[in-house]
Ligand code: PMV
């Protein structure tokens with residue numbers, strides 16, 4: 001049994017150099033959250049004919065297929081072909097742009113590793129989680145995390161590693177939910193379309209190293225203004241890249257744009273807050289702890305904002321006891 005939490009990229013991942021292995025064309029930097037989680041139990045049962053997968057109490061054929069493919073990586077490592085019973089639940093809406101696949105696959109790899117007594121290192125778990133869902137590589141670790149794009153064809157060097165513990169710089173995050181519909185174009189398809197048609201793809205790749213260096217330095221120096229500037233820049237650059245695909249990828253709705261404007265207006269008044277947006281319409285506002293109530297109130301006030309969820313930064317994937325799992 002294991003728990004993992006979603007992460008939010010500040011320096012974005014967009015584009016794959018190998019789609020089968022989920023190898024990214026660029027490195028990325030994220031924060032792992034604490035209030036949102038996936039809890040997963042994996043039991044390998046030699047008698048089972050096929051994997052039995054329950055997600056939030058329901059079975060879904062497409063999701064079960066991804067889970068089985070992910071378990072195959074663990075079975076290969078262990079040299080077994082036992083099927084497994086998997087039970088997994090999230091305490092937040094799946095597929096609403098809150099990266100449930102990142103926490104989901106990080107928790108699955110962690111729980112599967114324990115069930116098979118593989119004793120994989122965190123780096124090895126990160127590599128396997130990446131193969132199941134790219135951004136899951138980062139949820140193996142807590143706090144501030146960097147995922148290297150790596151150079152090797154087999155992807156063994158495309159692994160995440162921690163930059164700074166959550167407690168060392170405990171920023172808060174207010175997530176403005178502006179839609180609960182599943183996204184129109186998933187990230188894999190969006191990345192493929194962008195790489196094939198966006199004229200900005202090469203500029204995106206060329207400029208990423210400098211952004212990573214700036215963000216890394218801002219995090220290590222706990223320099224909020226510097227992290228705010230580079231994070232909004234990376235987010236808007238990723239969306240500009242995707243907007244220029246054919247047909248263009250427009251992940252925002254009107255409320256998303258208003259949230260971004262409001263965050264910038266607050267920052268103009270001296271409030272330490274910045275935004276980031278992934279491949280969906282939710283806006284994540286990252287702020288210093290003393291500003292969080294004001295930020296939440298400002299976002300709640302915007303027409304089209306359905307809810308605002310607050311979270312801090314949290315730990316990486318870890319084992320749970322039975323009591324913790326059922327709590
Ligand atoms: O690995 P995926 O499919 O969750 O893609 C993540 C893409 C973004 O969320 C837009 C950026 C990122 O780095 O998380």
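Miscellaneous remarks
- Of note, residue 226 does not satisfy the criterion of being crowded, with 19+ Cβ neighbours inside 10 Å, away from the ligand (no atom under 16 Å from the Cβ) and not assigned by TED's automatic domain parsing to the domain that holds residue 133.
- Within segment 140-167, the residues that satisfy the criterion of being within 16 Å of the ligand (Cβ to nearest atom) and part of a strand (DSSP E or B) are 144, 145, 146, 147, 160, 161, 163.
- Of the strands (runs of 3 or more DSSP E) lying entirely inside segment 234-327, the ones with 1 or more residues being in contact with a strand residue (DSSP E or B) (Cβ under 7 Å, 6 or more places away or on another chain) and surrounded by fewer than 18 Cβ atoms within 10 Å (Cβ to Cβ) are found at 307-311.
- Scope segment 114-139; condition in contact with a helix residue (DSSP H, G or I) (Cβ under 7 Å, 6 or more places away or on another chain) and farther than 20 Å from residue 188 by Cβ; matching residues: 116, 118, 120, 125
- In segment 4-18, the qualifying residues are those that are out of contact with any helix residue (DSSP H, G or I) (no Cβ under 6 Å at 6 or more places or on another chain) and away from the ligand (no atom under 11 Å from the Cβ), and the one that is nearest to residue 128 (Cα to Cα) is 18.
- All positions within segment 163-197 that are touching a helix residue (DSSP H, G or I) at 6+ places or on another chain (Cβ under 6 Å) and under 23 Å from residue 5 (Cα atoms): 163, 164, 172, 174, 176, 178
- Of all residues in segment 180-189, those satisfying the criterion of being within 16 Å of the ligand (Cβ to nearest atom) and touching a residue at least 40 places away in the same chain (Cβ under 8 Å) are 182, 183, 185, 186, 187, 188.
- Residue within segment 66-80 that is in the same structural domain as residue 113 (by TED's automatic domain parsing), part of a strand (DSSP E or B) and modelled with pLDDT of 90 or more present: no
- Applying the criterion of being under 14 Å from the mean Cα position of the chain (by Cα) and in a strand (DSSP E or B) to the residues of segment 25-42, the residue that is nearest to the ligand (Cβ to nearest atom) is 28.
- Restricting segment 168-192 to residues that are assigned to a helix (DSSP H, G or I) and touching a strand residue (DSSP E or B) at 6+ places or on another chain (Cβ under 9 Å), the residue that is modelled with the lowest pLDDT: 188
The values are calculated or read from the model by the stated rules, or taken from the named source; none is laboratory data. Quick caveat: nothing in here was measured; it's all calculated off a predicted structure. Using ideal geometry, Cβ is built from the backbone for each residue, glycine included, and neighbour counts are taken over all protein chains shown.
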